[in-house]
Every structure is written in C-alpha cells, then in structure tokens.
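Right, one structure below, let's go through it.
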Protein chains: 2
Amino acid sequence: MPFPSLPEEFFRPRSVAIIGATKKSGFGSGIPAFLKRIGYGDRLYLVNPRETEIEGLPVYRRVIDVPHRIDLAIIIVPKEHVHAVIRDCLEKEIRAIILESAGFSETGPEGAVLEEGIERLLRGNGTRLIGPNCVGLINPHDRFASTEVDFDEIRPGNVGVIAQSGVFGNIVADWAPSQDLALSGLVTIGNRIDVDESDMLYHFGADERTDVIVLYLEGAKNGQRFMKAAREVSLKKPVLVYKSGRTEVGKKAAASHTGSMSGDDALYDAFFRQSGVVRVSTFQELFDLARVFSREPLMKGPNISVVTSSGSLGVMAADAAFQLGLHFPDLEPDTVAAVRGHAPAWMNVKNPLDVGPSGLFGVALEATLRDKQVDGVIAIPVIPGTIIESIVDAGIDPSFMFGEAEKIRKAAPEKPVLIYTVGSNFWVQLVKDMFGPHLTMVSSPEAAAKALWALYRYNRFRNEAARG
Amino acid sequence: MPFPSLPEEFFRPRSVAIIGATKKSGFGSGIPAFLKRIGYGDRLYLVNPRETEIEGLPVYRRVIDVPHRIDLAIIIVPKEHVHAVIRDCLEKEIRAIILESAGFSETGPEGAVLEEGIERLLRGNGTRLIGPNCVGLINPHDRFASTEVDFDEIRPGNVGVIAQSGVFGNIVADWAPSQDLALSGLVTIGNRIDVDESDMLYHFGADERTDVIVLYLEGAKNGQRFMKAAREVSLKKPVLVYKSGRTEVGKKAAASHTGSMSGDDALYDAFFRQSGVVRVSTFQELFDLARVFSREPLMKGPNISVVTSSGSLGVMAADAAFQLGLHFPDLEPDTVAAVRGHAPAWMNVKNPLDVGPSGLFGVALEATLRDKQVDGVIAIPVIPGTIIESIVDAGIDPSFMFGEAEKIRKAAPEKPVLIYTVGSNFWVQLVKDMFGPHLTMVSSPEAAAKALWALYRYNRFRNEAARG
C-alpha cells in the first residue's frame, strides 16, 4: 500500500500567495523579495489589506480577490488575523497552507485555543496545513522554499530533513553544505496543527529523491501514529532520529518552544531499539550519520577493521566500535601476507591495523577492504604536518603512501569505508581532497564507530523484516 | 612538599646531541635540519660512526668524542645499537635522554628484554630517559622541540599535553591551533622505560606556565603511583584524562601500540570519579574541555542558564546539562524584567531562555549573567544565513542583536560563558570574530554542558579538599 501523501502543491507550487506581505522589514517583506529573486515573480500573489504595491507587484486585499488559481498560501499575519485568513484560503480552495505566524500553543493556553479553532476550520477539507510557528519547507531540487535561503549554497541531494522550529530548520540548511550534506528537502513542522512528523516521514518515505530521512523530534504529536509511520518508512529507507526533551528541563523547554509534549524517553528509546529507527545521541552524530547513510552502502555483517597510522586514534575507534557490539575478526592470511610483504619489522599486522609511519596506509587499507572477514572499515590516515608538507613540496604525490581513493573504493564497493583525520589545516584539507570524492569523512573516531554500527544494525533490521 | 621534578635539560637544553643523525631521509636527517633551523646550530652535536659531515656540521663517532658538555641526547639509532649508545651517554654524564627509536616492548617479548636492559643501565644514575617509541617533547614558549614541528603555527600558552605515542603527539600539536589551544608543552612518553605519565603530571603540575593538564592514557605504567600523582596534581590544577584501552579489543591494540597494559577500566573510572581528575569520553571533548579550562573561570555552583536564539538547540543543551546533574534555577525578577521590558509578546522569559528572532540575544545574555542565581551560561547565538548577511551588507553592526562580547564578559568575569553556534560559514566566522576573543567557543551543545559540569565538579573537588 502506498504511503499517505501530502499535496504536491507544498513542494512544487505553480502559484503562491503570500498573505501578510508588507514593505516593513521582516519576513513579510523578505519572503516576497526572495521568491521574486528565485523566479516566482510571475506566479506570486501578495495579500495585505493595508498595501497596494510591493516589489513592483500588485497587492490584493484578500486572497479571494486574486483572479488566479493559488496552489500554496504562505501565511505570515499576526495570530489574531489567522482564523479569518484561513477561512479565505478555504473559500479559495487552496489545498496547501504554510502558516508561519507564531504565538500559538508554544505561548500558553490562549494560543492553544487559537490552534483548536484552526483545526476545526480545516476539518473535512482536503486542505492541508503546515505550522504554525515554522518557516515551512525548502526544496533544493526544484529551487523552491517558503523561507529565505541561499540556493547557491544548498546542494540538492538525497537527505530529507524534518525539523520542528523555523530557526533551527534554517540553520540546519545553512550548515549542511559545510557538513557535506546534500538535501532532497527540509521541512519545519512547528506546532503541527495538521501536518506532523508522521506525514513528513511518509512523504520522504515515498519521495524518490530521498534515500535517508533525518528527524529532529521534541515529542511526537501522536505517539501511536508516529511509531507506525517510523516502522513502515524504516522498512524502505533509513530514518535517523535525534529525540530531545529527554529530561525534565528539556521537556519544559520543548513545551515552551513548540508546544510539544516530549513524553517518556524510556518508551521512545525502547521503540527505537525495537524498530529499525536509528537514534543518534548528539547533534554532530546526526550530521555524521546522515552523511554516511547518504553515501555509503549498508554493512552486511558486524565484522570491521580499523586501519590507521596513529595507534592512539586506532585504539579510540576500536574501543568505541567494540563497545557498540561490532567485532574485530582476525585478518585472512592473504591480507596479512599482502601487508607483511612490504612491512618493516616493527609493524604488527593485525586488526586493528596500525601502520605507523611505514607509508603502507594505502596498501593496508586496500588489502583489508578485500578481506572476506571484513564487512566495513574505519580508516584513520594521519601524518605530522611538517612531513606531509615536505613531501608535497618535493612534488611527490601523497597517494604513494595513502593510496588512491578511487581504487580503494573500487576494491570493495559493497563495503562501507569511513575516513577520519586530524592534524594541520594543510593535511586535513589534503585528506578531504584525496578521499572526500570517493569515501566518506566523519568528524570523530566515535562517530565512525557509531556510523558503522548503524549501517550494520539497519541492514540487519531490513533483512529480518524481509524474512518476516 | 614540592613535586618530584625532571631535569631542566629536557625542556631548555643548552646543548643537544643527536645520536643517529644521517644524511638519509627520515627522522635522522629531519631532526638535525629542524634544530638548526630553529636556532640550535651552534649547540648541536651530531653523532654517527658512518658519517663525517651533515648540514655543514661535523659528525662525531661517539657522543663521548664530543668536546663539550651535552645537556640532552636525542637517540634515533636502530634498536640493536641503543644499549651501547646509552652507555656512552652515561659515561658522558648526560642527564636527559630522549630515546625515539621503536621496536621495543610494543613488538613483543624480545623488545621487552631490550627495555629491561636499558632500565638496568639507568638504575642508580641521575640520568632520566623519555621513551622509547616516542618523539619526545615540544616546548613552544622556548621554541625547542625534539621532533619537527611548525613553530609559526603552534601558539605558546597554558595547556600541557601528555601523549603516549609520537605520531599522536605530533598531530595533536598540529591540530591544536585550529582548536584554539595554546600549549605550554607537549610530551610523548612512548613505552616509558623511565619517565612516565606520573612524572609528567608532576612536571606540568609544578610548571608555572601550565594551567591545565591534558593526558591521553592507554594504561598507567604504575597504577598506584599514577593515582597518587593525579590526586596530588589535581589539587593544584585541573587534569583532563582520555583513558583508552577500555575494551578487550582496545586493550590488545594498546598493548601492540605502546606495550601498555590498559588495566580494568572500572577501577580507573572509580578513581576518576573519586578524585578531581576529569575523565572525558570523546576525543573532541578532550579539546573542548582543555580550551574551556584554559580560558574560563571555574564554576562556583551547579546552577546554569541556557540563552539561545534556537529553541531546538536550547533543548539539546538543557537535556545534556540536566542529565549531568546541573540545575536550571528560575531567573530572578530583575532579570526577567530586564528582558521582558524589550520582549515581544510571544517570548517566554524563563530558563532556558529562548529569545527566538527577537533580536534580544545580547540583552538576555548579559541580564542572565548578572543574575545571582546563575553560576554559568551556555550561549547559543544562531540566525539564518541570509538574514545576517543582509544585516551586515546594510552596514549594521550585528552586536545590536547579539551584544558586545567584551561588555558581556565584564558583566560577570567570575562566571564561565560558553558559546556554541552552527550555521552558514559566514555566520560561524562572524561569531568567532565577535565572541572568540572574550568568551570561549565549544564544538557542540553536549560539549558545552559537559564543560560547565566539569568546571563545577572540579571547583567543588578543590573546595572540599581545602576544607579537608
């Protein structure tokens, strides 16, 4: 059965009304200017009873006065006018509404009453509403957004992000490029009068451009429905969740932020552990795992290897991976022989594999990846800054020590390989340039371990589900 | 009683012998060239029976042939020559030896026998030895190092680092500048035939330039002595420890890395919890906490506030802090009034304090810092990239929204303030420029919470110890 879907008009509107457009600085003037700039000038209808012209466009008193069909309404009027404006939208048979205004249930009981009123207005209509207290969505593939973003920076890709509040959604979009994340979409759902995280899970679950779904959740609007949606969508593609509002203080903060009831964290945790949903435990992990899932194959078994030129960093990664339940098999005799053939006497050819300053990092990484006992690899290439600079200054290609990433990738395209490094700025940039296009970088040894664990765990969940 | 000390000759040698200097590329040629470059040419004595001249300097057959007093010997000969060379050093009455050669206990029993031989040679002498299987030390204040580093990059400061292996020490030094860490010294202790982590704790404990000590430990050489040293030094200055070799796989990797016995992790953990030593749990945390302890005051009580313009990030930080046992007191009426006076109707003036897009971040941060109920603050300024760019493009100083860091710092110099941000590259750089010089940046909401917790916990330990 296909997943329940949202109107196409949210994501690829042929015409947009902005209700609450103004000349005063703020969202009311920023969003019209932005939509005009990205090419919506000829299908943009501005509404405000107190204006006549903005950005060279005529301004209508009410949306029902617009003499064209409207696909999507973006509402940014003060909260006391929202009911009237929504009534107009319904009269105009607009199927998709993004309500960005704030001041509802996140501020207390009065706001909650306003929200209930909106819910009643919508009931029985086909019209769907995102918000309030949000900035709607960003669709990088089709270059549409209901909030001002820089489409020259945001790269279109395969990661769908569900955020709750507006500012957070914006800054995640801002941060994504430097985190090497390319987005299929980003939605902020705010206080969720109508469209909630479950709707968005189904949406990205069905979306062909989305391979990984990232969800920041303060609390599910409807726990039962969320668990059903998360379970069903997980069967199709990985869902990564950062669940906050875990503690008493966090719960209170979440309530006054988006009116969310965070619920019992232990219940969520039990659900995540039983379903295929991957729960991340830090904000950075969310980005690391999203990047890894968006680029690497799943891991077929729990057996990994660490290949490193720093024993210390190798120990850190090994500790973290072992603690999560991953295994370190003995390397096959062929693998050991392939490395030993070149190795100096002091080098221990085992797993984790520390090549030290032998220059054998590339040889070791490729041999280990070809090893049938190994399902995935954490690769930690490091080298003192002065040494690598003198090598590069001498015109020597560093791949003679660290291997060629493309060749390494081809040695085992079905196995995940994660790269972590630290060191001088020169070296870190060099690693990004050498390995970045073919393998996936992560931001810490611990994130590398967690990501491989998640690739394995999710693969196992899918296999078990397929077997029934 | 003063701490046991190491010879000054290690850190500020007036003359250095390099035993094993060669013309062949590698450490044997790199270190002489490096020491000459940093100004040691006139007090550098090279030793190698098979060379006569290197880098324009005469080469002696044996160190006893050098017609000058030698403060420090750096040994980089193959392991089979090490015994003979050390005998010469002792005959020459050299008080400080850095043995960089590898191939000892980290490779197996034969290497361990060689180490025992060295230990016997040293016994009863005043001579101290760092190594083997290390690169010795870096002293940025006096611009001396026994390994090639870039003194134009490494900033002298107040953080003393104890690492175990050589590569790791080098890359920590390489990475420190981008992590905003300024070093008083960095030592790699390798297999620890003689000088070990306890000696180095005492050294940095007594060193007037060192305010914080960072220790990467795979396993203490002598558990009893380590615990004594860590306890004693902690009373004087904070000691941050990353203890690896926590799991079976990690222990084995550590053993083949530096011959370390990692020991029972639960025992270490119990010790760290009972002493003032701060155990960090991730590699990044080590850098975050070192930066915070090197720049911020300790925290006098457990009561914190989070001030943020992203509710979501505020919830994350609050969850992490509360989970660690920090408290969120109600803000004082004066504080609430100071913020409420400017605040829009939708804003909840409470703790954690989410100012959203009100522009009141600076006002709220300063008021909260002055609040008598608050011992420290996590400040999370964020703003969508397009908005801040248009503000700056319009020639407006963003401090009108985010406050002036210097003024904020002066509002409560006795309270720690940690800054975390994410967003567009433009914004992240702007925050570094605005806040970096006066307040301390951390790399995640979780690190902010952990750092405040550690500042509080260490302060409490010191107070309790002072009361007896």
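Each value in this text was obtained by applying a stated rule to the coordinates, not by laboratory testing. Predicted, not measured: the structure shown is a model, and the values here were computed from it. Ideal geometry is used to build each Cβ from the backbone, glycine not excepted, and the neighbour counts take in all protein chains shown.
Spin-label model, residue B:425 to residue B:273: label points 7 Å out along the Cα-to-beta-carbon direction sit 4.5 nm apart.
Each of A:22, A:147 has some number of other Cβ atoms within 10 Å of its Cβ, and from fewest to most they run A:22, A:147. When the pairs B:79/B:236; B:410/B:450; A:410/A:450 are compared against a 27 Å limit on Cα-Cα distance, B:79/B:236 fall above it. Across the stretch A:371-464, Cα pairs under 8 Å and at least six residues apart give a relative contact order of 33 percent.
In the protein assembly as shown, what % of DSSP beta bridges are antiparallel (nearest 5)?
So the antiparallel bridges amount to about 15 percent of the total.
Spin-label model, residue A:464/residue A:235: points 7 Å from Cα along the beta carbon direction are separated by 1.6 nm. Against the main long axis of the alpha-carbon atoms of chain A, helix A:166-175 sits at an angle near 40°. A straight line joining the Cα centroids of the stretch B:106-158 and the stretch B:219-250 runs 19 Å.
Hey, got the average number of other protein chain Cβ atoms within 10 angstrom for residues in A:241-248?
Mean shielding count: 5.
Rounded to the nearest 20, the size of the Cβ-charge dipole of the protein assembly as shown about its Cα centre is 1140 debye, with Lys and Arg at +1 and Asp and Glu at -1.
Determine the calculated [θ] at 222 nm for the protein assembly as shown from helices alone, applying -39500 (n - 2.57) to every DSSP H run no shorter than 4 residues and normalising by the residue count; nearest 500 deg cm²/dmol.
Details: 34 runs with 368 residues, N = 936.
Value at 222 nm, helices only, nearest 500: -12000 deg cm²/dmol.
Within 10 Å of the Cβ of each residue in B:343-354, the mean number of Cβ atoms contributed by other protein chains is 4.
Rg over Rh for the stretch B:68-165 works out to 1.00, both radii taken from alpha-carbon positions and Rh defined as the Kirkwood radius. Residues B:422, B:428 in ascending order of nearby Cβ atoms (within 10 Å, fewest first): B:428, B:422.
Cross-link partners of residue A:407 among lysines, defined as those whose alpha carbon lies under 23 angstrom from its own and excluding same-chain residues fewer than eight positions apart: A:300, A:350, A:372, A:415, A:432.
In which sequence would A:11, B:151, B:402 go, from the one with the fewest C-beta neighbours within 10 Å to the one with the most?
Fewest-to-most Cβ neighbours within 10 Å comes out as B:151, A:11, B:402.
Residue B:113 label point (Cα plus 7 Å toward Cβ) to equivalent points in the other copies: 9.0 nm, shortest first. Rounded to the nearest 5, the antiparallel percentage of DSSP beta bridges internal to chain A is 15%.
For residue B:397 and residue B:350, what does the FRET efficiency come to when R0 = 25 Å and r is the distance between their Cβ atoms, rounded to the nearest 0.05?
0.30
Each Cα pair of the protein assembly as shown feeds into the Kirkwood radius, which the Stokes-Einstein equation turns, at 20 °C and 1.002 mPa s, into a diffusion coefficient of 72 µm²/s.
Of the Cα atoms belonging to chain A, the radius of gyration and Dmax stand at 25.5, 84 Å. For the stretch A:159-165, putting each phi into the Karplus relation 6.51 cos²θ - 1.76 cosθ + 1.60 with θ = phi - 60° gives couplings of 9, x, 10, 10, 10, 9, 9 Hz, in residue order, rounded to whole numbers and with x for Gly and Pro.
Computed from Cα atoms, the angle from the helix A:223-234 axis to the main principal axis of chain A rounds to 50 degrees.
With Cα atoms as the point set, the stretch A:345-440 shows a radius of gyration and Dmax of 13.1, 39 Å.
What net charge do the residues around residue B:165 carry, taking every other residue with its C-beta under 12 Å from that of residue B:165, with Lys and Arg at +1 and Asp and Glu at -1? With Lys, Arg at +1 and Asp, Glu at -1, the net is -3. Specify the angular offset, from 0 to 90 degrees and rounded to the nearest 10, of the alpha carbon long axis of helix B:283-295 from the longest principal axis of the alpha carbons in chain B. The two axes meet at around 80 degrees.
Inter-chain Cβ neighbour count for A:103-114, averaged per residue, equals 1 (cutoff 10 Å, partner chain atoms only).
Net charge near residue A:327: determine it from the other residues with C-beta under 12 Å of the C-beta of residue A:327, scoring Lys and Arg +1 and Asp and Glu -1.
-3
Put simply, the Cα atoms of the stretch A:391-437 extend 35, 20, 15 Å along their principal axes, the longest span coming first. Annotation: peptides A:278-285, B:81-88, B:62-69, ranked by per-residue average of other Cβ atoms within 10 Å with the highest first, follow the order A:278-285, B:81-88, B:62-69.
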